[in-house]
Each structure stands twice: as structure tokens, then as C-alpha cells.
Amino acid sequence: MIEVRSSTQRTRCLQRPNLPTVTAKMNGREAAAILVPSARRFLCGWRRGKEETAVLVALALLGAQAPAGAATRNLQPIAGSFVWRLAQAASESQPNTGAPTPRDDDKNKAEKAGVPATVVDGEQLESVLGIEALSSTGDNMGRIVDIIVDRSGQIRAAIIDFGGFLGVGSRKIAVDWRSLHFDPKKAGSVVVNLTKDQLRVAPVYKAAEPVVMIGGPDAKP
Amino acid sequence: MSDFLGAGPPRRKLPSRAEKGSPAPPGPDRQRTSSPSPSLTSRRALDWFVFFLADVQTGFGAFVSVYLTTEKWTQTDIGLVLTAGAVVGLVGQIPGGAIVDAARSERWVAAAAVAAVGISAFALAMSPIFVIVFSSRILQAGASCVLGPAIAAISLGLVGSKGISARLGRNASFASLGSGLAAAGMGACAYYISDRAAFILAASMTVPALFALFQIRTHEIDPARAHGGVAKSGQGNAIAGLLSLFEIRPLLIFAGCVALFQLANAAMLPLAASMMTLRSSKFATILVATSIVAPQLVVAVLSPWVGRKAELWGRRPLLVLCFAALAVRGLLFAFLINPYLLMAAQLLDGVSGAALAVLVPLIIADVSGKTGHFNLAQGAVGCAVGVGASISTTVAGYVSDRFDSPTAFLMMAGFGLLGLAAVWLAMPETRPNEERD
């Protein structure tokens, strides 16, 4: 059993005033039902601000609880683990953002009081793995197959599996995260602020080699 | 084109040539192979079985990784599943051949394998969770190890060693038509409907495949012919059989040649397709699609011709042609820049493909004819093919990363030339004696 508690301080950071506030006891499956849409929205709203670390920590704590974690993975295998990893990294880098990170000495107290969690409207977050990357003119350029973060947990680039036919001849290209724009109206796709020609000539991404991330804040299509 | 549909002329011609040929070699299989007369129903059914099976198997190709990506799989998991399948596909070859050798009914073995492929394809399409995908991939790879030898065994059991070259030509023709059409159909399906729909389309082709398989009349498949001359072969003695195969020198040489072929060939299309994606701005997808489908159509047209010429000219000239086309393709890929010309060069893949699709089972049938281990020999050569192919992708990937892709293509062309030299210098003609004069 996990107690999910949500405070105004933590929901505020999402800047959505009419979010539901829940204080309830629930089992893993119920928690998952709330967590999964939350995870979706988290990924969408990621760029809004760093105060969201609070949400991350809350999610991370819930993710660490076995029943909820298992249920979450069943429903959204990639999104769950992705959020968890980010949350870890973020909590390491910014320990003092007001998030209720339990310390060793008050661990027992925290367990008794329940685990904080935030409920976010399900349509505001989505998983990014496997979604289509479109050019600014609407051409399909491939799918996001991975996200790379730096040592501080900041998302740096999305790996797009570009081109090809039935999986033959595609090239994995690292595109700077700042070149990606998520249109709230178009779920399941992301617009890349670059043209097909700019993407296709980029060097292929390989793990553990110098990564060439194309695009950036000033990239012009 | 008429014999492409009817399978008549080569079979009608052959008995007459056999009659005026040299005295028949002694041995029990001589009588059995002299006048097989499979019904038209069985022969047609085998055509369609091969056709629909190729449809299903195409669905299990590179497309699996695309499908799993859309199902939000990570690259690590996809890589793990593909590697597991490849490993099983490699180590399962020899046991697969042994199973077909030991089986009393090739048709039932094939039916079980097709059912396994169908079940795993549907499981993959319906619920892409790790356990199911992993086990279905392994099941499919294992079943494929049985299916390759089983098809050749059914063919040999049906038509005998006299009609086998024409029959293998038809098999190759229908198989490549099947996979060409499947690739085109799946591409259209993925584009207009969804990736999952494309996968279900491929999986559903198991039903007509099974139907066609059961149209083949089982009493027309001579088990002795299907096993390579001896009725009760390979029963519980696969290891001794394998050791006896190692004493057949032409088989070893041929396995080496085929491994060299795959070492040069396997990484060529993926690397060339990647170059097309790099160099063509607008039509890259169409170019890559054409490079996959068009060579299949070339195989479909050429392989009946290869089947006939293998009887008239012998196997060696065609094997030389096969390796020459491969080496030329590697050299062209190394020096051509224009993506359209790359695509045109890829058509040579159809020439090599047609030759090899007919010659691999044919030469194995030639050299393992009296041993009773035809299918085990197929498994052994299949294993050599797999080793060559897996080394090819690794080495070519490394060279193109470390240096550049023209260097990788040159290296593959070098392997092709090495294979050509091996065929030229070491490979004997394997066409049975009575056909030579």
C-alpha cells in the first residue's frame, strides 16, 4: 500500500492551477493509473522549468515502490524507466529545490507519512520513444529511438532513426534537444526544426564516440 | 515464360538425355530416381508453399526492429532479441538438418515448423512484450533451420535427382517473388495503415502456406530420395554423419566458398542502402525499397534459367558467374557516388542471388547423393553461410566506421574475388557423371 499525497507546493511547479489534489490510500495498480498519465505529461512539459524536480522526486519515490513500479512498467515500459532515470539524475544535481527528499534520519517518519506524489492531467505528458519526428514542412523523418543525457541529467539530444525502408538503410542521427518542438495538438509526433537534407548528411550516432548533435537553439530550418 | 508456369520442358527433355547417356551407375537409388512422376497438384502446391513461406519469413527480417521501435522498445532490448535469434539461427542449422534427415515425413516436419513460425509471428504482432518477443524470435529462428533443408528435401523427394535443378530454379523463383511482393506489400501497409498491420499481414501468410503444404501428396515424396539416397538415414547418428560429411572434399570446399560469398555479400545491401539515405535527398526511401524488391524480381526471372543451365553447362560456370557478379557489385559500390547508379548496381545482387539459390541445394545434393545425409549437409553449409554473414556485418561495420564506406566495399569486393579464386582453382564440377556427355 502506498499513500499518495499531493501538496499545493508541488503541484504549483507544473503551473496548472486546476490540477486535482489527491490524498488517498491506493494499491499499486491504482497508483499506476495515475502515474502513467503523469509520466506522459511530464515528458511534454519538461521544458517548462526546473522546479519540476519536485515532481520528478515524487515520481521517483513512487517508482521505487515495488507494486506501483511493476504496474507502471507493464503499462508503459519505456516511459517508466526513463522518468526514473531522469529523476535520479535530477535529484543528484539539485538536492535543495524544496522537494521532500527523505534523509536517512527521518526515513522512518517519511515512510509512516506516506510517499508524496503529484497527479497531472494525462494529456499533458507523453512518452517520446518511438514517436515520429516530422520536419517543419511535415515530412516524416523517422522515429525517436533514444534520448541522450549528459552527466548532470540534462537531456541533450534525441536519437532519430532516419530514413530507410522496412528497417534497411536507416541512419541514427543525434538531433539537439533544443531543435525539437512538441506541438500540444499533435500527440505522437515531434517537429524537428531542421530539414530532411540537414538531417541526412549528419554523421551517424554511435554510443561511446564523440556525438555530433545537429541543430541547436539558433538552428534555422 | 511457359515453362516458368508449367515446369514441363526441363522434365520432358531430361529422360531422353539420360537414356542416351553413359551406363547407369550401380546402386539402389538409380532405380528410384529414374522416373519419378509427381502430379501437377503436388508441384503447384510446392510452388505456392515456397511463395507464401517467403512472405512470412520476410516479415521477420529487418522490419522487426522497426516494429519494436514503434512499440517503444529500447535499442538495447531490440539488439538483444535480434542477436538471440541470430545465434539460434546459426547453431540450429546442423541439428535442423539432422532432424529433417531423421524424420520419416518431411511434410509433417515442415508443417510443424511453419506452424511454429506462424504462431511466433502472430504472438509478436499481438503482444510485443519482452518474454513473448524473445521466445517467438528464438522459435522462428529454430523453425527456419528446419524449413530450409525441408523444402529442398521435399523437392528432391518429389522430382528426384534428374528434375532437381529445374525444380530448385522454380523454388528460388517463387521464393523471391514471395519475398519481393511481401516487402512491397509490407512497405505499403506500414505507410498507409500501421507497422503492426504490416506485421499481421506477413504473419497471416502462414495460413495459405500450410494449406499449400498439405496439397503436396505425401506418397509422392520418396523418403529415400529426400534423404539423399538411403531410406533409413541419420537415425540417432547425426555426429557420425557429420564426421562422414567432413570427408567429402568438394562439400568442404563449397562450404568455404559460400561462407566467403556471405562474408562479402551480407553487409553490402545495408551499407549501400545507408549510402543512398545519405546521398539522396528526396527519393531515398523509394531507392532503398527498389534496391530490396528489384533484385528479388531479377532472381524470380533468372533462377529457372539457372536451373536449366546448371544441367547443360554444369555447376561451375554458374558459380563463377555468381562470384563475378558479387565482386563487380562490390567494386561498383566502392566507386559510384550517384544513388541511382548504386541502385542499378544492386540489381547484380539478383544475378548472384539466383545462382546461389539454385546452386547451394543442387551442389549439396550432387555431393551428398549417396551418403543419406543430404539434409545434414545442408545444415552444415547453412551454418557456414551464417558464420560468413555474421562476420560480414561486424567487419564491414568496423571498417566503414574506422575508415570509410568505399574502403568497406573494396574489402567486401576483395572477399568476393577471393571466393571467385577459390571456385576457379579448387571447386570441382559436381554434376553427376551420366549427365556430362
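The values are calculated or read from the model by the stated rules, or taken from the named source; none is laboratory data. Because the structure is predicted, anything quoted here is derived from the model rather than measured. Cβ placement follows ideal geometry from the backbone for every residue including glycine, while neighbour counts extend to all protein chains displayed. Surface accessibility is based on the protein's heavy atoms, side chains included, excluding ligands, DNA and RNA. Shrake-Rupley method; radii C 1.70, N 1.55, O 1.52, S 1.80 Å.
Take the residues in region A:168-179 that are in contact with a strand residue (DSSP E or B) (Cβ under 9 Å, 6 or more places away or on another chain) and crowded, with 22+ Cβ neighbours inside 10 Å; name whichever of them is farthest from the other protein chains (Cβ to nearest Cβ).
Checked region A:168-179; the qualifying residue farthest from the other protein chains (Cβ to nearest Cβ) is A:S179.
Determine whether region B:109-128 contains at least one residue that is within 14 Å of another protein chain (Cβ to nearest Cβ) and without any contact (Cβ under 8 Å) to a residue 24 or more places away in the chain.
The answer is yes; a qualifying residue exists.
Considering every residue within region A:188-199, establish whether at least one is assigned to a loop (DSSP other than H, G, I, E, B) and surrounded by fewer than 14 Cβ atoms within 10 Å (Cβ to Cβ).
Yes: one or more hits.
Would you confirm whether any residue within region B:401-418 is more than 14 Å from every other protein chain (Cβ to nearest Cβ), under 30 Å from B:G241 (Cα atoms) and touching a Leu at 6+ places or on another chain (Cβ under 9 Å)?
There is at least one residue in region B:401-418 that is more than 14 Å from every other protein chain (Cβ to nearest Cβ), under 30 Å from B:G241 (Cα atoms) and touching a Leu at 6+ places or on another chain (Cβ under 9 Å).
Assess whether B:T371 counts as being over 21 Å from B:R167 (Cβ atoms) and either in contact (Cβ under 8 Å) with a residue 12 or more places away in the chain or basic (K, R) (or both).
Answer is no for this residue.
Examine region B:107-124 for a residue that is of a type outside the set (A, V, I, L, M) and either modelled with pLDDT of 90 or more or within 23 Å of B:K370 (Cα to Cα) (or both), and state whether such a residue exists.
yes
Let's see how each residue does on (1) within 12 Å of chain B (Cβ to nearest Cβ); (2) open to solvent by 10 Å² or more (accessible area, probe 1.4 Å):
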{"site": "A:A117", "(1), (2)": "no, no"}
{"site": "A:G122", "(1), (2)": "no, yes"}
{"site": "A:L125", "(1), (2)": "no, no"}
{"site": "A:L129", "(1), (2)": "yes, yes"}
{"site": "A:L134", "(1), (2)": "no, yes"}
{"site": "A:R143", "(1), (2)": "yes, yes"}
{"site": "A:R156", "(1), (2)": "no, yes"}
{"site": "A:I160", "(1), (2)": "yes, no"}
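Say we look at region B:305-325 and pick out the residues that are within 22 Å of B:W48 (Cβ to Cβ) and crowded, with 24+ Cβ neighbours inside 10 Å; which of these is farthest from the other protein chains (Cβ to nearest Cβ)?
If we take residues in region B:305-325 being within 22 Å of B:W48 (Cβ to Cβ) and crowded, with 24+ Cβ neighbours inside 10 Å, then B:G307 is farthest from the other protein chains (Cβ to nearest Cβ).
For B:A267, work out the one condition from (1) open to solvent by 10 Å² or more (accessible area, probe 1.4 Å); (2) within 14 Å of another protein chain (Cβ to nearest Cβ); (3) out of contact with any strand residue (DSSP E or B) (no Cβ under 8 Å at 6 or more places or on another chain) it doesn't fulfil.
Tallying (1) open to solvent by 10 Å² or more (accessible area, probe 1.4 Å); (2) within 14 Å of another protein chain (Cβ to nearest Cβ); (3) out of contact with any strand residue (DSSP E or B) (no Cβ under 8 Å at 6 or more places or on another chain), B:A267 fails exactly one: (1).
How many of the residues in region B:290-304 are within 9 Å of chain A (Cβ to nearest Cβ) and either open to solvent by less than 10 Å² (accessible area, probe 1.4 Å) or of a type in the set (D, E, K, R) (or both)?
1
Would you check if B:L287 is more than 8 Å from chain A (Cβ to nearest Cβ) and in contact with a strand residue (DSSP E or B) (Cβ under 9 Å, 6 or more places away or on another chain)?
When the stated conditions are applied, B:L287 passes them.
Looking at B:L177, B:L139, B:L181, B:L90 in this structure, which one is open to solvent by 30 Å² or more (accessible area, probe 1.4 Å), of a type outside the set (D, E, K, R) and within 14 Å of chain A (Cβ to nearest Cβ)?
B:L181
If you check B:T58, B:T70, B:T76, B:T41, which single one turns out to be open to solvent by 20 Å² or more (accessible area, probe 1.4 Å), over 24 Å from B:A183 (Cα atoms) and within 14 Å of chain A (Cβ to nearest Cβ)?
Answer to the selection: B:T76.
Working only within region A:175-215, note down all residues that are closer than 29 Å to A:E123 by Cβ and small (G, A, S).
A:S179, A:A187, A:G188, A:S189, A:G215
Among the residues of region B:74-81, is any in contact with a Cys (Cβ under 7 Å, 6 or more places away or on another chain), hydrophobic (A, V, I, L, M, F, W, C) and either farther than 18 Å from B:I129 by Cα or modelled with pLDDT of 80 or more (or both)?
no
Can we say A:E209 is facing chain B (nearest Cβ under 10 Å), more than 15 Å from the chain's Cα centre (by Cα) and farther than 24 Å from B:S280 by Cβ?
Spelling it out, A:E209 is indeed facing chain B (nearest Cβ under 10 Å), more than 15 Å from the chain's Cα centre (by Cα) and farther than 24 Å from B:S280 by Cβ.
Scan region A:174-190 for residues that are touching a helix residue (DSSP H, G or I) at 6+ places or on another chain (Cβ under 9 Å), among the aliphatic types (A, V, I, L, M) and at pLDDT below 90 and jot them down.
The answer is A:A187, and nothing else.
Taking the options B:G350, B:G369, B:G397, name whichever one is open to solvent by less than 50 Å² (accessible area, probe 1.4 Å) and either closer than 30 Å to A:A208 by Cβ or touching a Cys at 6+ places or on another chain (Cβ under 6 Å) (or both).
None of the others qualify; the one that does is B:G397.
Going by the conditions given, is A:P184 open to solvent by 60 Å² or more (accessible area, probe 1.4 Å), without any contact (Cβ under 8 Å) to a residue 40 or more places away in the chain and in a loop (DSSP other than H, G, I, E, B)?
no
Go through the residues of region B:270-281 one by one and say whether even a single one is within 14 Å of chain A (Cβ to nearest Cβ) and either modelled with pLDDT of 90 or more or not in a helix (DSSP H, G or I) (or both).
Yes, region B:270-281 has at least one match.
How many of the residues making up region B:252-282 are without any contact (Cβ under 8 Å) to a residue 40 or more places away in the chain and among the hydrophobic types (A, V, I, L, M, F, W, C)?
The qualifying residues number 3.
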